[in-house]
Amino acid sequence: MTRILSKRRLSEEVYRVEVEAPLVARERRAGQFVIVQADDDFAERIPLTIADADPERGAITLVFQTVGASTHALAAKEVGDPITLLGPLGNPTHIERFGKAVCVGGGIGLAPLHPIVKALKEAGNEVVVIAGARTAELLIMQEELKSIADELIVATDDGSAGRKALVTEPLKEICASDRPPDIVVAIGPPIMMKFCAEATRPFGVKTLVSLNTIMIDGTGMCGGCRVSVGGETKFVCVDGPEFDGHLVDWDGMMSRLRSYRKQEEEAHHRCHLDLAAALASETSAAERLAKGAL
Amino acid sequence: MSGASKEGLERQAREALGRIAAIRSEGRELSPRDRLALPVQDMPCQVPQARAANMLEVAEGYSEAQAKVEAERCLDCKNAPCVSGCPVRVDIPGFIKKIREGDYVGATRAIKRTNLLPSICGRVCPQESQCQANCTVGKSLKSIDAAVQIGRLERWVADNERACGACDLPDVGNSSGKRVAVVGSGPAGLTTAIDLRREGHEVVVYEAFQKTGGVMVYGIPEFRLPKSLVAIESNLLAEMGVLYQLNFLVGRTRKLRSLLAEDGFDAVFIGAGAGLPKFMEMPGENLVGVFSANEYLTRSNLMKAYDRDRAATPIYPSRRVAVLGGGNVAMDSARMALRLGAEEVRVLYRRTREEMPARSEEVGHAMEEGIIFDFLTSPTRVIGDKDGRAEALEILSYALGEPDASGRRSPVAIKGSERVVPFDTVIVAIGNESNPLLSRTTPDLKVDKRGHILVDGAQKTSIDRVYAGGDIVLGAATVILAMGEGRRAAAAINELLG
Ligand SMILES: Cc1cc2nc3c(=O)[nH]c(=O)nc-3n(C[C@H](O)[C@H](O)[C@H](O)COP(=O)(O)OP(=O)(O)OC[C@H]3O[C@@H](n4cnc5c(N)ncnc54)[C@H](O)[C@@H]3O)c2cc1C
Ligand SMILES: Cc1cc2nc3c(=O)[nH]c(=O)nc-3n(C[C@H](O)[C@H](O)[C@H](O)COP(=O)(O)OP(=O)(O)OC[C@H]3O[C@@H](n4cnc5c(N)ncnc54)[C@H](O)[C@@H]3O)c2cc1C
Ligand code: SF4
Ligand code: SF4
Ligand code: FES
């Protein structure tokens, strides 16, 4: 059990929290994640990447998007509140001096990308970051990334910031240029990672992706995080989370992520109703309404 | 196995006690013949229809009268063949005699000299292949089911002790100034911790999960082993001064080496348990709706997904469930699926009931609850719908062939017997590989080719001052074997630090 040290809302759906975790802050490397639980008894275990760490203060930073019941429960926590946390988990990113690295981050994926960009830069690479999001509001970590990267290319779906384009466009351009990347790292929604891998495939540029499968224990016990890579079953929590994007069975992975969609929607709905009920001053009436609506 | 009502069983036990008292009032002791004539005491159980819809414990436990009668069935054999069948050599005739004498505290003490978790072993040991396998009474009556019900008695003694609040803690020796780290809080880790603490060492148990107990909390379901019991046993350790560090993954949160080199531990015991689930390696196994038993059971046990109103962890909505395998894990998955609302649950097993490794009591219970067994069948692939969800299994029939090297008759596929059977959920329960985490993060820790940690006769690993035991050494074993290894390791560590 540890507690929340600070909390900031980065956008409508994105939160940045600092959590007290001295050992994790000391041991973690770029690319690793933690499993958090809102409470010990009934909460779900959800994986979140370590976006930053401060070993001196014994704190790690998590950046997450509220997509369902568990991330909402986390967002509802305040400074000082207890949470359960296990980590650091997964294999650290393999960092070396590759030469030119292109790091592509989509939406919330920009948070886990940040420590990798930092580590690649520290290892002496030239680092180009491509930051993408649906709209300007969802572009996070821009200051941090700008201060580290040699170049920051911004692309939004609606053109509200940077280019009006998908991240795969600038990625293809760089691959086709006379100075193609030696390595590409892509983190974001599975569909984005899939198309980044497709974009680099014809150029033969090695492309690392960080998979966000469903997880339970995160320690190599349950097999829930399995994914087919190069025709072999791999376990993301102990064999990953990073894999060669050209070998991942993306369609299989994406359909596994949808396993619980129906229940998740119900749970999400329920938590919104609970929230609405709590906010309403005539709680009893609202609660009745909420319960009835289930 | 079961069938008679609780009241019926109680009446029968009281009648038997009457007969025993009558014999004694004549001034003579029961003869072996009298003892063999006493009825085997059945376990009172929730009725199958009711229990298939709840999570409460299926077996309700003996009454005092039943325990007394069952204790009278023991012949107190000189050579005690039962004891040699028990991996930790519980003094079986000794504790049973104490029950007869009405000295229940003495009975607990007799058991706890070698077995520290009797309320758990009494429930989950495969007695029919261990202590009860060799029992003279069973042999005389020519039925393994007629053996003295040692496990049930052990459970009763422990439950009775708890009910009386008479638990006395093992003595903790004077502080030795030495520190030992225990990795994992399953039965291996917990037993090691107790034996180390008795010698006055400081013991810190590191556990990756948010709860202690290992498979006893995340694998074995509530209806077979109540989690409150495991919590009580774990708390007992805390009362003895054992320290728990939960949510701590040795190898990641801290390297094994650092525990010895920097954190001041004098020795380490690894009881990390089994690891990654095995799959059949058949096409379609990564489709939605296909689970490892570990995932399925963890969701429903540790994360309490069955408590739909309170738990945040979702459980897959299943109607037709296929469970692949024939061990305890398969039985638990099948019975759990039923309790979570599945309409039809079938266990697919390649051999026949005789070869099933599951405890026979559990197989019986599963059958009573309506689980269907398809023996001599095994799937060849999972068939999915357009959304990647499992919708059917292709199944093949088998026949038993010649006995192989292990003496088991191996199944041979019958050509042309393929058929497609609809299932929306497939639970794979065919065993585990070993967890690779510690060996990958501790390069000089030697493992065999299947990843199990190699140890010597005293449970010592390839690294000095590091010991290991339980499933991480044995592969999937049993609670009592894990405990036995833990005790052996603790003895070696105590000697090392002594
Ligand atoms: C290694 C790893 C690192 C991650 N890092 C981050 C991060 O830094 N920031 C962030 O916002 N998100 C991250 N995620 C994703 C995050 O774990 C999920 O968004 C979260 O679990 C959703 O939970 P929920 O109950 O709020 O939503 P739900 O309603 O449960 O689900 C919404 C979506 O999340 C997926 N999901 C559900 N449960 C899990 C689970 N246990 N694990 C993974 N995905 C799940 C669902 O398939 C669905 O697509 C990471 C995932 C992994 C595997
Ligand atoms: C569903 C099921 C039913 C079973 N039924 C029976 C039965 O009826 N009878 C019977 O005798 N046996 C049964 N077994 C087998 C029995 O449970 C195991 O043999 C026994 O629990 C093994 O004990 P252990 O202490 O070695 O490991 P485990 O019980 O597996 O405990 C290991 C613990 O270590 C923790 N851990 C692992 N790695 C680390 C790390 N690096 N750092 C910190 N913590 C770590 C794990 O989280 C876990 O809590 C069953 C098993 C299962 C899965
Ligand atoms: S510990 Fe298990 S095997 Fe030993 S006597 Fe008790 S029930 Fe039998
Ligand atoms: S073998 Fe059976 S009858 Fe003999 S001492 Fe053991 S339990 Fe009693
Ligand atoms: S999350 Fe359970 S094995 Fe990876």
Specify the residue that is surrounded by the most Cβ atoms within 10 Å (Cβ to Cβ); the eligible residues are those in the range B:110-126 that are without any contact (Cβ under 8 Å) to a residue 40 or more places away in the chain and part of a helix (DSSP H, G or I). B:Gly122
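More than 16 Å from ligand 4 (Cβ to nearest atom) and either modelled with pLDDT under 90 or surrounded by fewer than 19 Cβ atoms within 10 Å (Cβ to Cβ) (or both): does that describe B:Glu344?
Numbers: more than 16 Å from ligand 4 (Cβ to nearest atom): yes; either modelled with pLDDT under 90 or surrounded by fewer than 19 Cβ atoms within 10 Å (Cβ to Cβ) (or both): yes.
Taking the combined requirement at face value, the residue satisfies it.
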Which condition number in (1) in contact with a strand residue (DSSP E or B) (Cβ under 9 Å, 6 or more places away or on another chain); (2) modelled with pLDDT under 95; (3) under 24 Å from B:Val321 (Cα atoms) is the one that B:Glu362 fails? (1)
Could you list, in sequence order, the residues of the range B:372-407 that are assigned to a strand (DSSP E or B) and without any contact (Cβ under 8 Å) to a residue 12 or more places away in the chain? B:Gly401, B:Glu402, B:Pro403
Could you figure out which of (1) out of contact with any Ser or Thr (no Cβ under 7 Å at 6 or more places or on another chain); (2) closer than 17 Å to A:His72 by Cα; (3) crowded, with 17+ Cβ neighbours inside 10 Å; (4) more than 13 Å from chain B (Cβ to nearest Cβ) isn't true of A:Arg16? (1)
Please work out which one of (1) within 11 Å of another protein chain (Cβ to nearest Cβ); (2) in contact with an Asp or Glu (Cβ under 6 Å, 6 or more places away or on another chain); (3) not polar (S, T, N, Q) is the condition B:Asp309 fails and give its number. (2)
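Limited to the range A:185-239, what total is found for residues that are away from ligand 5 (no atom under 16 Å from the Cβ) and more than 24 Å from B:Glu281 (Cβ to Cβ)? Lay out the reasoning, then the answer.
Within the range A:185-239, the subset away from ligand 5 (no atom under 16 Å from the Cβ) is A:185-209, A:230-231.
Within this subset, residues satisfying the condition of being more than 24 Å from B:Glu281 (Cβ to Cβ) are A:185-209.
Selection size over the range A:185-239: 25.
Go through the residues of the range B:186-197 one by one and say whether even a single one is away from ligand 5 (no atom under 16 Å from the Cβ), within 14 Å of chain A (Cβ to nearest Cβ), buried (at least 24 other Cβ atoms within 10 Å of the Cβ) and in contact (Cβ under 8 Å) with a residue 60 or more places away in the chain.
Residues of the range B:186-197 away from ligand 5 (no atom under 16 Å from the Cβ): B:186-197.
If we keep only those that are within 14 Å of chain A (Cβ to nearest Cβ) too, we end up with B:186.
After this cut, where a residue has to be buried (at least 24 other Cβ atoms within 10 Å of the Cβ) as well, the list is B:186.
Then drop every residue that is not in contact (Cβ under 8 Å) with a residue 60 or more places away in the chain, which leaves B:186.
Yes, the range B:186-197 has at least one match.
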Output the residues belonging to the range A:74-83 that are within 17 Å of the chain's Cα centre (by Cα) and surrounded by fewer than 21 Cβ atoms within 10 Å (Cβ to Cβ). A:Ala75
Name the single residue that is farthest from ligand 2 (Cβ to nearest atom) among those in the range A:236-263 being within 16 Å of A:Pro88 (Cα to Cα) and of a type in the set (A, V, I, L, M, F, W, C). A:Val236
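Considering only residues that are more than 13 Å from every other protein chain (Cβ to nearest Cβ) and in contact with a helix residue (DSSP H, G or I) (Cβ under 6 Å, 6 or more places away or on another chain), look in the range B:312-327 and name the one that is surrounded by the most Cβ atoms within 10 Å (Cβ to Cβ). Walk me through it before giving the result.
Just the residues of the range B:312-327 that are more than 13 Å from every other protein chain (Cβ to nearest Cβ), to begin with: B:319-327.
Narrowing further to those that are in contact with a helix residue (DSSP H, G or I) (Cβ under 6 Å, 6 or more places away or on another chain): B:321, B:323.
On the way: B:Val321: 27, B:Val323: 32.
The selected residue is B:Val323.
I'd like to check something: does the range A:21-30 contain any residue that is of a type outside the set (A, V, I, L, M), closer than 30 Å to A:Ala136 by Cα and within 11 Å of another protein chain (Cβ to nearest Cβ)?
Yes, the range A:21-30 contains at least one residue that is of a type outside the set (A, V, I, L, M), closer than 30 Å to A:Ala136 by Cα and within 11 Å of another protein chain (Cβ to nearest Cβ).
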Pairs, please: C-beta under 6 Å, at least 6 apart or cross-chain, first residue within 8 Å of chain A (Cβ to nearest Cβ) and in the range B:264-290, second in a strand (DSSP E or B) and of a type in the set (D, E, K, R)? B:Gly275/B:Glu433; B:Leu276/B:Glu433; B:Val288/B:Arg389; B:Gly289/B:Arg389
In the range B:62-108, what residues are surrounded by fewer than 23 Cβ atoms within 10 Å (Cβ to Cβ), away from ligand 3 (no atom under 14 Å from the Cβ), not hydrophobic (A, V, I, L, M, F, W, C) and not in a helix (DSSP H, G or I)? B:Ser63, B:Asp76, B:Lys78, B:Asn79, B:Glu101, B:Gly102, B:Asp103
Does B:Val382 satisfy the condition of being within 28 Å of B:Gly416 (Cα to Cα) and of a type in the set (A, V, I, L, M)? yes
Count, please, the residues in the range A:224-248 that happen to be facing chain B (nearest Cβ under 10 Å), part of a loop (DSSP other than H, G, I, E, B) and surrounded by fewer than 23 Cβ atoms within 10 Å (Cβ to Cβ). 0
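Take B:Arg14 and decide whether it is among the charged types (D, E, K, R) and at pLDDT below 95.
Working: among the charged types (D, E, K, R): yes; at pLDDT below 95: no.
Against the criterion (among the charged types (D, E, K, R) and at pLDDT below 95), B:Arg14 does not qualify.
The values are calculated or read from the model by the stated rules, or taken from the named source; none is laboratory data. What you see is a predicted model; the values in this text were computed from it and never measured. Methodologically, a virtual Cβ is constructed for each residue, glycine included, from the backbone with ideal geometry; neighbour enumeration extends over all protein chains shown.
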